[in-house]
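S.K.: Please read through the structure below; I'll follow up with questions.
The values are calculated or read from the model by the stated rules, or taken from the named source; none is laboratory data. This one's a predicted model, so the numbers in the text were calculated from it and none came from an experiment. Neighbour counts run over all protein chains shown; Cβ positions are idealised from the backbone, glycine included. Just the protein is used for accessible areas: all its heavy atoms, side chains included, with ligands, DNA and RNA removed. Shrake-Rupley method; radii C 1.70, N 1.55, O 1.52, S 1.80 Å.
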Amino acid sequence: MKLGTRSILFIMVLLLASCNSTKFVPEGEYLLDKVKITSDDKEVIPDEYNEYRRQTPNAAVFPVLFGGMRMQLGIYNLAPKDTTTGYKRFWNKIFHKMGDAPVLYNSALTSLTTQQIQRVLVNKGYINAKVTNDVKIKNKKVAVTYSITANQPYRLRDYGVNLKNPRLYEIATDTAKSLIRPNMLFNADVLGAERIRIANLFRREGYYNFNKDYLGYSADSALNAKRVNLTLELRDFLKNSSDSINNIVFRKYTIRNVIYYINKEAILSDDLQNKDRLDTVRFRDFILVSPKEKILKLDALVQNTYINPKAYYSDDAVDKTYQSLNTLGPIKYVNISFKDTGKEQLDCYIIITPSKTISVSTELEGAYTAGFWGGATNINYVNKNAFNGAETFSLQGKAALELQKDVLAREFGAQAGIKFPRFMFPVGSYDFKRNIHANTEFSGAVNYIFRPTEFTTTNVSAGMSYSWNKKQYHHNFELFEINYVQFKVDPNFDAAYLSTGLYNRYNYSDHFIMSMGYSGSYSTFNAARPMQNYSTVRYSIESAGNLLYAVSHLLGMKKTDDSYQLFKVGFSQYVKGEYNITRHQIFDKNNRFVYHFGAGVGIPFANSNVIPFEKRFYSGGANSVRGWGESMLGPGAYSRFTGNKTRDFNQVGDIKLDMNMEYRTKLFWKAEGAAFIDAGNIWTIDSYESQSLGQFKFDSFYNQLALAYGLGLRFDFSFFILRFDVGTKLFDPSEKLRSEQWKTRFDKDNYAFHFAIGYPF
């Protein structure tokens with residue numbers, strides 16, 4: 001029996017099981033089959049209220065393909081109802097664990113949903129909105145429809161501010177930053193967010209005792225006009241309170257001391273029997289009370305604290321301090337509190353609970369690529385507090401083998417890195433460096449690769465970079481990265497591929513790279529509302545060889561082979577940029593569309609005619625156009641060199657474009673399914689003889705976009721995602737005849753199987 005037939009039979013069994021969806025619905029109960037929200041107002045979009053449903057039906061998978069088949073419920077219903085024998089009890093337990101039990105209709109939750117939707121509408125300004133529910137029962141199944149009658153909403157007519165404190169008034173009347181706009185809906189959520197905005201800005205300036213609850217609105221609506229006049233003012237209890245209360249509320253506080261306590265023993269420092277085991281260190285007005293056996297140095301804590309002595313109290317500084325200290329490896333969690341000293345000053349107490357700092361892990365990998373079996377092992381060592389200053393030291397070793405006919409291809413490598421939780425630079429004052437709040441990382445690596453009958457290469461690299469976070473943004477600036485690549489090419493490979501011009505000889509020559517770059521990322525994901533659509537963005541720019549070229553030129557050095565050299569080795573000069581954006585369109589917790597767009601450009605110039613091989617782009621593989629294997633697509637309409645069946649080193653480029661659309665759905669247990677469409681390719685900047693038809697041209701590149709589609713199976717084990725994808729070629733630009741470019745026949749050359757860890761984008 002073929003695999004395709006088995007898959008069809010399995011789906012048919014699940015369809016039959018899901019058809020009997022009420023198999024485990026008790027007598028007197030009903031299966032919740034459908035839930036729908038409708039609205040009579042085009043401005044009230046039903047989908048925006050889905051998250052307020054208290055009860056939803058069993059999850060459906062691939063609704064477009066299978067009409068909303070409830071696979072998880074179908075698997076649950078495969079279990080035998082009769083559990084009198086051990087065999088039947090076993091399968092009952094297995095299927096019930098892998099599937100989902102039927103969702104039984106609950107009238108109380110329907111009433112709560114109705115009330116919740118109406119409450120949300122009222123908060124948005126639809127004061128007179130009505131929400132009703134219609135429940136229909138048929139064959140032990142229930143369909144619920146929530147109908148919204150919006151009616152005319154209330155809108156804001158005039159908005160005023162009545163606050164006597166000058167600074168509070170100034171913040172509240174800043175129209176550029178205010179969330180309140182003329183003619184807006186009388187939205188209670190927006191009004192609440194405006195109170196929070198004003199209070200947060202006010203508290204950032206030292207007003208420790210002030211909070212948003214001290215602000216309120218008085219509203220006056222004209223009869224039948226649905227227009228509201230609104231005034232922001234202090235609550236009555238504060239307006240009518242004594243001057244002493246107002247003086248406390250509107251008192252500005254500065255920070256006197258920042259005191260760190262490490263572990264519970266330090267908190268008991270007033271106990272005489274513990275004093276001999278504790279040590280107190282002071283720097284300026286920062287104080288560390290900790291065991292005499294140092295767990296963390298005071299400087300590491302000061303560098304990652306935004307709360308500063310002599311500065312005004314700020315909520316923003318407190319939040320940033322929580323985030324920064326919690327990222328330090330030797331810290332498990334942090335608690336921050338304040339104590340009023342009675343002199344318009346606050347003492348800040350930061351209680352730190354330490355965590356384990358050393359970890360060792362190993363990884364084993366197996367692979368089957370182009371008919372060759374291979375395996376690899378990684379050993380990782382991490383110390384998150386190498387010198388008691390929250391420095392993270394990491395060491396990784398790798399060994400990989402691949403049996404190619406009768407010869408073993410080998411790869412060995414090691415890399416080390418140390419990250420300091422502070423900004424390190426030869427010049428600049430202590431306060432200047434501390435205020436930057438960046439991490440500094442040094443790294444080094446060596447890698448050796450032996451490819452039988454091809455080449456041997458050794459790559460040695462070292463670098464220094466800075467990284468920092470600001471809100472949802474992450475930044476990384478690479479001050480420098482140095483790479484030296486040495487090649488030893490097999491004479492037969494040279495004669496067959498390099499001397500004949502089939503491959504670009506530059507890719508197999510010794511070269512030197514000294515680069516500088518910046519990369520960043522951000523996400524609009526909101527953990528408080530995980531069902532909202534969101535985007536993630538990654539971008540980078542890198543440049544190499546500019547400093548070396550300038551120095552060579554200024555010193556009047558002579559060129560060798562039309563380029564400047566360093567220690568008789570040519571150095572690369574290029575600029576390279578990449579941009580990736582991923583959009584998640586969420587239908588419910590089990591179904592979503594994910595869209596991805598990625599583009600990259602690399603341009604060699606001055607001292608280089610070609611970008612180094614390891615810096616060029618490739619297409620195909622598990623994270624690109626999945627109808628092709630890794631680095632087996634492009635550039636452009638280039639035809640793969642068939643004389644070498646294992647790999648074609650010409651399939652790299654200077655320009656890359658990826659466009660992907662993927663539908664993801666939960667199937668059962670930990671299994672997830674995916675259906676995807678991919679498009680993309682790579683191109684070269686110049687017309688290279690060894691990469692014919694690979695050059696990017698504006699009037700033809702769109703005709704060289706490869707297309708693929710396929711299905712995927714993923715297993716979500718929380719701490720990692722195991723992914724299997726099979727992609728099928730749909731349009732292959734490398735084919736000469738137009739009739740052969742569109743792939744309508746299903747044969748082995750049109751498929752690519754991918755195994756990977758994590759989602760593709």
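S.K.: Quote to one decimal, in nm, the extra length available between THR231 and SER521 on full extension: 0.36 nm per residue of separation minus the C-alpha distance between them.
M.R.: Gain in length upon complete extension: 100.3 nm.
S.K.: Round to a whole number: what % of the accessible area of the range 142-188 belongs to carbon and sulfur, probe 1.4 Å?
M.R.: 50 percent
S.K.: Whole-Å semi-axes of the range 103-160's equivalent ellipsoid, largest first, each the root of 5 times a Cα gyration tensor eigenvalue? Working shown, then result.
M.R.: Working: eigenvalues 206, 23, 6 Å².
Three semi-axes, in Å: 32, 11, 6.
S.K.: Could you sort TYR595, TYR87, TYR312 by their accessible area in this structure, using a 1.4 Å probe and putting the largest first? Walk me through the numbers on the way to the answer.
M.R.: Details: TYR595 80, TYR87 160, TYR312 120 Å².
Result, largest first: TYR87, TYR312, TYR595.
S.K.: Here's another thing I want to ask about it. Considering only C-alpha atoms, what is the centroid distance from the range 226-255 to the range 592-643, in Å?
M.R.: For the range 226-255 versus the range 592-643, the Cα centre distance is 62 Å.
S.K.: Using the crude model of +1 on Lys and Arg Cβ and -1 on Asp and Glu Cβ, and no other charge, please compute the dipole size for the range 92-178 relative to its Cα centre, in debye to 20. Could you put the intermediate results ahead of the total?
M.R.: On the way: 14 positive and 5 negative charges, 74 e Å.
Around 360 debye, computed over the range 92-178.
S.K.: Find the Cα radius of gyration of the range 326-485, compare it with 2.2 N^0.38 Å by division, and give the number to two decimals.
M.R.: Details: Rg = 22.2 Å, N = 160, 2.2 N^0.38 = 15.1 Å.
Its radius of gyration relative to the 2.2 N^0.38 Å reference: 1.47.
S.K.: If the cut-off is 30 Å between C-alpha atoms, which lysines fall inside it for LYS558, apart from same-chain ones fewer than 8 positions away?
M.R.: LYS488, LYS568, LYS576, LYS615
S.K.: Pull up all non-local amide H partners of LYS141: gap of 5 or more, or a different chain, and H-to-H distance under 5 Å with H placed in the peptide plane.
M.R.: Long-range HN contacts for LYS141: LEU31.
S.K.: If you stretched the chain out fully between TYR430 and LYS670, how much longer would it get, using 0.36 nm times the residue separation minus the C-alpha to C-alpha distance? Walk me through the numbers on the way to the answer.
M.R.: Details: separation 240, 0.36 × 240 = 86.40 nm, distance 5.08 nm.
Gain in length upon complete extension: 81.3 nm.
S.K.: Two decimals is fine: what's Rg over Rh for the range 298-421, C-alpha atoms, Kirkwood radius as Rh?
M.R.: 1.27
S.K.: Could you give the nm distance between label points at VAL135 and TYR169, where each point is 7 Å from its Cα heading toward the beta carbon?
M.R.: So the two model labels end up 5.6 nm from each other.
S.K.: With the other protein chains left in place, how much accessible area per residue, in square angstrom, belongs to the chain at a 1.4 angstrom probe? Show your work: numbers first, answer last.
M.R.: Numbers: 40800 Å² over 761 residues.
In whole numbers, the chain has 54 Å² accessible per residue.
S.K.: Kindly write out, for the range 317-333 in residue order, the coupling ³J(HN,Hα) from the Karplus curve 6.51 cos²θ - 1.76 cosθ + 1.60 (θ = phi - 60°), rounded to whole Hz, with x marking Gly and Pro.
M.R.: Each residue's phi maps through the Karplus curve to give 5, 5, 4, 5, 5, 4, 4, 5, 5, 6, 7, 6, x, x, 10, 7, 7 Hz.
S.K.: If the reach is capped at under 12 angstrom between alpha carbons, list the aspartates and glutamates near LYS88, excluding any in the same chain fewer than eight residues apart.
M.R.: Hits, sequence-local ones excluded: zero.
S.K.: Show that you can apply the helix-only estimate: for the chain, add -39,500 (n - 2.57) for every DSSP H stretch of four or more residues, divide by all residues, and state [θ] at 222 nm to the nearest 500. Numbers along the way, then the final one.
M.R.: Details: 16 runs with 139 residues, N = 761.
The helix contribution divided over the chain gives -5000 deg cm²/dmol.
S.K.: Could you tell me which trypsin sites (Lys or Arg not before Pro) in the range 454-516 are loop residues by DSSP with no more than 10 other beta carbons within 10 angstrom of their beta carbon?
M.R.: Working: sites: LYS470, LYS471, LYS488, ARG505; in loops: LYS471.
Answer by residue number: LYS471.
S.K.: Can you give me the C-alpha center-to-center distance between the range 418-477 and the range 730-753, rounded to a whole angstrom?
M.R.: Computed from Cα coordinates, the inter-centre distance equals 43 Å.
S.K.: For the range 301-311, just list the computed ³J(HN,Hα) in residue order, Karplus coefficients 6.51, -1.76 and 1.60, θ = phi - 60°, integers in Hz, with x standing in for Gly and Pro.
M.R.: 6, 4, 4, 10, 10, 9, 7, 10, x, 6, 8
S.K.: Scan (1) 46.9; (2) 42.7; (3) 38.8 for the value of mean projected area of the Cα convex hull in nm² calculated from this model and give just the label.
M.R.: (1)
S.K.: Quick one: net charge around GLU233, please, counting Lys, Arg +1 and Asp, Glu -1 for every other residue with C-beta under 12 Å from its C-beta.
M.R.: Numbers: positive: LYS164, ARG195, ARG235, LYS239; negative: ASP236.
Once all neighbours under 12 Å are counted, the net charge is +3.
S.K.: To the nearest 0.05, what FRET efficiency results for PHE567 and ILE358 with a Förster distance of 30 Å applied to their C-beta separation? Write down the numbers at each step before the final one.
M.R.: Values: r = 39 Å, r/R0 = 1.31.
My answer for the efficiency is 0.15.
S.K.: In sequence order, what are the phi-derived ³J(HN,Hα) couplings for the range 354-365 according to the Karplus relation 6.51 cos²θ - 1.76 cosθ + 1.60 with θ = phi - 60°, rounded to whole Hz, with x for glycine and proline?
M.R.: x, 10, 5, 10, 10, 9, 10, 9, 10, 9, 10, 10
S.K.: Right, another one. Which whole-number percent is the relative contact order of the chain (Cα, under 8 Å, 6+ apart)?
M.R.: Working: 1677 pairs, mean separation 45.3, N = 761.
Relative contact order, the chain: 6 percent.
S.K.: While we're on this one: For the range 294-366, which GluC sites (Glu not before Pro) pass both filters: DSSP loop (anything but H, G, I, E, B) and at most 16 other C-beta atoms within 10 Å?
M.R.: Numbers: sites: GLU344, GLU363, GLU365; in loops: GLU344.
When the GluC sites (Glu not before Pro) of the range 294-366 are filtered for loop state and at most 16 Cβ neighbours within 10 Å, GLU344 remain.
S.K.: Same structure again: How about LYS138: which lysines have a C-alpha closer than 21 Å to its C-alpha, ignoring those fewer than 8 places off in the same chain?
M.R.: The reachable lysines, counting only those whose Cα sits under 21 Å from LYS138, are LYS23, LYS34, LYS36.
S.K.: How large a share of the accessible area of the range 677-761, in percent, is made up of carbon and sulfur atoms when the probe is 1.4 Å and the other protein chains stay in place? Provide the component values of the computation, followed by the final result.
M.R.: On the way: 3020 of 4940 Å².
Taking all protein chains in place, the range 677-761 shows 61 percent carbon and sulfur surface.
S.K.: Follow-up question, since we're still on this one. Running Debye on the range 406-465 with equal point scatterers at the Cα sites and no solvent, what base-10 log of I(q)/I(0) appears at q = 0.16, 0.24, 0.27 Å⁻¹?
M.R.: Summing over Cα pairs of the range 406-465 leads to -0.64, -0.94, -1.04.
S.K.: Can I ask one more? Using 0.36 nm times the number of residues separating ILE379 and PHE719, minus their current alpha carbon distance, what extension gain do you get? Intermediate values should be presented prior to the final figure.
M.R.: Working: separation 340, 0.36 × 340 = 122.40 nm, distance 1.87 nm.
Gain in length upon complete extension: 120.5 nm.
S.K.: Tell me which residues come under 5 Å, amide H to amide H, from GLY125 once H is placed; ignore anything under 5 positions away on its chain.
M.R.: Placed amide hydrogens put ALA188 under 5 Å from GLY125.
S.K.: With the crude spin-label approximation of a point 7 Å out along Cα→Cβ, what separation in nm comes out for ASN447 versus ASN128?
M.R.: Result for the modelled spin labels: 6.9 nm.
S.K.: Might you report the magnitude of the Cβ-based charge dipole of the range 291-367 about its Cα centre, with Lys and Arg at +1 and Asp and Glu at -1, to the nearest 20 debye?
M.R.: Working: 9 positive and 10 negative charges, 75 e Å.
Magnitude of the dipole: close to 360 debye.
S.K.: Taking every pair of alpha-carbon atoms in the range 409-561, give the share separated by more than 24 Å as a whole percent. Show your work: numbers first, answer last.
M.R.: Details: 6644 of 11628 pairs.
Summing the P(r) of the range 409-561 above 24 Å gives 57 percent of all pairs.
S.K.: Still on this structure: So for the range 509-641, what are the equivalent ellipsoid semi-axes in whole Å, largest first, each being the square root of 5 times an eigenvalue of the Cα gyration tensor? Could the numbers behind the result be given before it?
M.R.: On the way: eigenvalues 320, 81, 16 Å².
Those come to 40, 20, 9 Å.
S.K.: Go ahead and run the numbers for FRET between SER543 and THR458, Cβ-Cβ distance against an R0 of 25 Å, rounding to 0.05. List each step's numbers first, then the result.
M.R.: Details: r = 25 Å, r/R0 = 0.99.
Taking R0 as 25 Å, the efficiency between SER543 and THR458 is 0.50.
S.K.: Can you work out the FRET efficiency for the pair ASP158 and LEU179, with r the C-beta to C-beta distance and R0 = 22 Å, to the nearest 0.05?
M.R.: Details: r = 16 Å, r/R0 = 0.74.
The calculated FRET efficiency here is 0.85.
S.K.: Name the residues whose placed amide hydrogens come within less than 5 Å of the amide hydrogen of GLN695, ignoring near sequence neighbours (fewer than 5 apart) on the same chain.
M.R.: Excluding prolines and chain starts, which carry no amide H, the hits are THR684.
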